[in-house]
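A.B. asks: Before anything else, here's the structure in question.
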Amino acid sequence: MRVMGLISGTSVDGIDVALVEITGCQRDLTVEFLAGATYPYPSELRSQILQVCSGTPLSLAELAQLDDAIARTFAQAAITLQQSSQPAELIGSHGQTVFHRPPQGTQLGYSLQLGRGELIADLTGITTVSNFRVGDIAAGGHGAPLVPVLDAYLLRHPQYYRCIQNIGGIGNVTYLPKLNSSPILGWDTGPGNTLLDLAVQYFSQGTQSYDKEGAWAATGTPCLPLVEQWLQQDFFHQPPPKSTGRELFGWDYWQRCLRELEPYKLSTADVLATLTELTAASIYQSYYQFLPQLPDEILLCGGGSHNCYLKYRLQTLFNPIPVFSTSEVGLNADFKEAITFAVLAYWRWLGIPGNLPSVTGAVSEVLLGEIHTTFTPNMIL
Ligand SMILES: Nc1ncnc2c1ncn2[C@@H]1O[C@H](COP(=O)(O)OP(=O)(O)OP(=O)(O)O)[C@@H](O)[C@H]1O
Ligand SMILES: CC(=O)N[C@H]1[C@@H]2OC[C@@H](O2)[C@@H](O)[C@@H]1O[C@H](C)C(=O)O
């Protein structure tokens, strides 16, 4: 089946679209990557989303309007990719997370993704599955991370223990023991690029949105006492299952970093190196604290896998464990999340559960996503 996966992640940089051909089900699952593209958000819509993520209040009418504006942008992205590729038979759309609250004790978590699937189905004329996290949350899980299930089927190695480390806005890991051994684990490790991106925007007065290849941070020196101080934070010591988002590692956290950086009088490059070190060191500390054993290989994915300085810091911390990209073993590091939502939609369509309770903490496997069929096939926006 030809399925399209759509997501905009916590970096809110744009919509990743992947078109894949899927065969098989689970153990015999094959996913062929046919096409992929990233479509940036219109800048006004991006600003509005970032404001909402930082807690700016919205009326219900404004919320509905934002939901539809995101859905229209997602639908346009799907249609644009289709103009240069084959038509999809099904869409899986994650949407845009604007709020995520992990479960606490017996209180269920809450996770809100905007860009309603029914409008995407209506605008593209293609049946669309959306709202993937709520099923797992209803079963007591975090509803995140969901990607480990794809890693489990496509990247598990017969002899090697692998960690798949996503470095998006937020970082998350999948621990893949060698085949037929202990259970698969996974959790959010903390900040990926959110704080770095906020710092780059601040220091460049908005002219740059991220530290390309990590070139700016590479000219600085990390302030290790500050990194040590930041690593004391509760989140880093909380055992899995765990998830997080911009609610914790977003604007307010960056403002706190700025205040705590002040006495050290660091150069801009040193600040960026320090924030990069926080990402690398939080991943390192997380593995040491929570994995049954260190992996034989670490495979990176997400935008941060292109940050050469961050990769160098991870390689140095984990030496001699090799650190490379999932693209090097055949799974596109930039579109893995979009591919996951294509596969999850396909499983939902077939009635196959999509969550990994050993990762999310849900009490059982459940079907993920809501199916929106299309009533008025059209491709007109
Ligand atoms: N060439 C590059 N050099 C350095 N950093 C990069 C590069 N390309 C992308 N990035 C970083 O990756 C970020 C985007 O990563 P990605 O698209 O994987 O995040 P996301 O999917 O929005 O987040 P999440 O996985 O948390 O949902 C950018 O904001 C930027 O910080
Ligand atoms: C609530 C939410 O959107 N969480 C994202 C975020 O970005 C990375 C990390 O935190 C991960 O847990 C999740 O995304 C991916 C797609 C996941 O569910 O695996």
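A.B. asks: For the chain, modelled as a Gaussian network with Cα springs under 10 Å, which listed residue fluctuates most, 34, 119, 185?
C.D. replies: Of the options given, 34 has the highest mean-square fluctuation.
A.B. asks: Could you do me a favour and compute the accessible area per residue for the chain, 1.4 Å probe, result in Å²?
C.D. replies: 41 Å²
A.B. asks: Which chymotrypsin sites (Phe, Trp or Tyr not before Pro) does the stretch 335-375 hold that lie in a coil by DSSP with at most 16 other beta carbons within 10 Å?
C.D. replies: The qualifying sites are 375.
A.B. asks: For 15, 371, give me the order by solvent-accessible area with a 1.4 Å probe, most accessible first, ignoring ligands, DNA and RNA.
C.D. replies: 371, 15
A.B. asks: Quick check on the stretch 278-331: take the gyration tensor over C-alpha atoms, sort the square-rooted eigenvalues as a ≥ b ≥ c, and tell me if it's rounded (a/c under 1.5), prolate or oblate.
C.D. replies: Note, shape of the stretch 278-331 comes out oblate.
A.B. asks: What percent do you get for the relative contact order of the stretch 176-302 when only Cα pairs under 8 Å and 6+ apart count?
C.D. replies: Computed over the stretch 176-302, the figure is 38 percent.
A.B. asks: Show me 323-333, 306-316 ranked by packing, highest mean number of other Cβ atoms within 10 Å first.
C.D. replies: So the order, starting with the most tightly packed, is 306-316, 323-333.
A.B. asks: 222 nm [θ] for the chain, helices only, -39500 (n - 2.57) per DSSP H run of 4+, per residue, to 500?
C.D. replies: For the chain, the value works out to -11000 deg cm²/dmol.
A.B. asks: If you average 1/r over all unlike Cα pairs in the stretch 206-347 and invert the result, what Kirkwood radius do you get in angstrom?
C.D. replies: That comes to 16.8 Å for the stretch 206-347.
A.B. asks: Counting only protein heavy atoms and a 1.4 Å probe, tell me what percentage of the stretch 9-58's accessible area is made up of carbon and sulfur.
C.D. replies: Carbon with sulfur: 49 percent of the solvent-accessible area.
A.B. asks: A further question follows. How high is the relative contact order of the chain? Use alpha-carbon pairs under 8 Å, at least six apart in sequence, and give a whole percent.
C.D. replies: Computed value for the chain: 23 percent relative contact order.
A.B. asks: Moving on to the next point. Quote the charge dipole size of the chain about the Cα centre in Debye, to the nearest 20; the model charges only the Cβ of Lys and Arg (+1) and of Asp and Glu (-1).
C.D. replies: The calculation lands at about 340 debye.
A.B. asks: Let me ask something additional. Grab the beta carbon distance between residue 43 and residue 219, set R0 = 35 Å, and tell me the FRET efficiency rounded to 0.05.
C.D. replies: 0.80
A.B. asks: The stretch 1-90: which GluC sites (Glu not before Pro) are DSSP loop and have at most 16 other beta-carbon atoms within 10 angstrom?
C.D. replies: The qualifying sites are 89.
A.B. asks: Of the trypsin sites (Lys or Arg not before Pro) in the stretch 2-64, which ones lie in a loop per DSSP and count no more than 12 other C-beta atoms within 10 Å?
C.D. replies: Passing sites in the stretch 2-64 are 27.
The values are calculated or read from the model by the stated rules, or taken from the named source; none is laboratory data. Note that the structure is predicted; figures quoted are calculated from it, not measured. In this analysis, Cβ positions are derived from the backbone assuming ideal geometry, glycine residues included, and neighbour counts consider all displayed protein chains. The protein model used for the area step is the full one, side chains on, heavy atoms only, and it has no ligands, DNA or RNA in it. Shrake-Rupley method; radii C 1.70, N 1.55, O 1.52, S 1.80 Å.
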